[in-house]
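What follows is one structure encoded as structure tokens, with my remarks underneath.
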Amino acid sequence: MISTALIRIPVGVVIERRKAKSAWADVLWRPVSAFAGTPVAAPWTPLGADDEVTLFYAGEAVIELHRTETTNYRENLASGVPSLWVNMRPTTSELPYELLAVTADPAEGEAFTDAGSNLVEAVPMPLEIVDIVNRFVATHHVERPFVKRQRDRQESPSSKSDRDSQR
């Protein structure tokens, strides 16, 4: 499939494994941060650990910015806490998750949750990416007026028969 993105931003994702305080799970996984660029580390390289938490570099994804989504990007930036949404799918291999996508579009981030077993988490948007998205919105956003559509008035069968009987 050919992408219609005008800008593609490579990002790396950091995920944590935390000991669970639960009878149903030994560990909990969640994305905790993203950064602009691509490190030389291989996916699933451990980054640090303590007794409860281990951090891993989960891999690289690409944020795609589309001209048609500038309203969503602008709302994300204006939220006070700009975020990226990370989507990871459970695997059947030795690695617990596969990094699928990262987006700056809140609507797309919400849509990621439709695949019930995927791990989807919002993480803070790095300042470098905030700057890129801000410039993209400033360059490509077009204000579109809201137009409320008029509903077609349909007659109910009873009102039509009443009208016909009055003739």
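The values are calculated or read from the model by the stated rules, or taken from the named source; none is laboratory data. Treat the numbers as computed from the prediction; the structure is a model and nothing was measured. All Cβ positions, even for glycine, are placed from backbone atoms using ideal geometry, and neighbour counts span all protein chains on display.
Identify the single condition in (1) among the charged types (D, E, K, R); (2) buried (at least 17 other Cβ atoms within 10 Å of the Cβ); (3) within 26 Å of THR139 (Cα to Cα) that GLU110 does not satisfy, given that it satisfies every other one.
It is condition (2) that GLU110 fails.
Can you spot a residue in segment 16-28 that is closer than 18 Å to ARG135 by Cα and crowded, with 20+ Cβ neighbours inside 10 Å?
For segment 16-28, residues closer than 18 Å to ARG135 by Cα and crowded, with 20+ Cβ neighbours inside 10 Å: absent.
Considering only segment 71-86, state which residues are assigned to a helix (DSSP H, G or I), crowded, with 17+ Cβ neighbours inside 10 Å and without any contact (Cβ under 8 Å) to a residue 60 or more places away in the chain.
Within segment 71-86, ASN72, ASN76 meet the criteria.
Looking at THR45, THR68, can you tell me which residue is surrounded by fewer than 16 Cβ atoms within 10 Å (Cβ to Cβ) and touching a strand residue (DSSP E or B) at 6+ places or on another chain (Cβ under 6 Å)?
Details: THR68 fails: touching a strand residue (DSSP E or B) at 6+ places or on another chain (Cβ under 6 Å).
Only one candidate passes the filter, namely THR45.
Just one of the numbered conditions (1) part of a strand (DSSP E or B); (2) loosely packed, with under 15 Cβ neighbours inside 10 Å is not true of SER33; which one?
Here SER33 meets the rest and fails (2).
Go over the candidates PRO10, PRO39 one by one and state the one that is surrounded by fewer than 18 Cβ atoms within 10 Å (Cβ to Cβ), modelled with pLDDT of 95 or more and either not in a loop (DSSP other than H, G, I, E, B) or not hydrophobic (A, V, I, L, M, F, W, C) (or both).
PRO10
Residues checked against (1) closer than 24 Å to ARG17 by Cα; (2) outside any strand (DSSP E or B); (3) in contact with a Ser or Thr (Cβ under 9 Å, 6 or more places away or on another chain); (4) small (Gly, Ala, Ser):
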site: MET88; (1), (2), (3), (4): yes, no, no, no
site: GLU94; (1), (2), (3), (4): yes, yes, no, no
site: VAL102; (1), (2), (3), (4): yes, no, no, no
site: GLU108; (1), (2), (3), (4): no, yes, no, no
site: ASP114; (1), (2), (3), (4): yes, yes, no, no
site: VAL120; (1), (2), (3), (4): yes, no, yes, no
site: GLU128; (1), (2), (3), (4): no, yes, no, no
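Give me the residue from segment 48-65 that is surrounded by 15 or more Cβ atoms within 10 Å (Cβ to Cβ) and of a type outside the set (A, V, I, L, M, F, W, C) and, out of that set, farthest from ARG17 (Cα to Cα).
Filtering segment 48-65 for residues that are surrounded by 15 or more Cβ atoms within 10 Å (Cβ to Cβ) and of a type outside the set (A, V, I, L, M, F, W, C), the one farthest from ARG17 (Cα to Cα) comes out as GLU64.
Can you find even one residue in segment 120-129 that is surrounded by 20 or more Cβ atoms within 10 Å (Cβ to Cβ) and either at pLDDT below 90 or of a type in the set (S, T, N, Q) (or both)?
Checking segment 120-129: not a single residue is surrounded by 20 or more Cβ atoms within 10 Å (Cβ to Cβ) and either at pLDDT below 90 or of a type in the set (S, T, N, Q) (or both).
For segment 53-70, which positions are in contact (Cβ under 8 Å) with a residue 40 or more places away in the chain, among the charged types (D, E, K, R) and under 18 Å from ALA138 (Cα atoms)?
GLU64, ARG67
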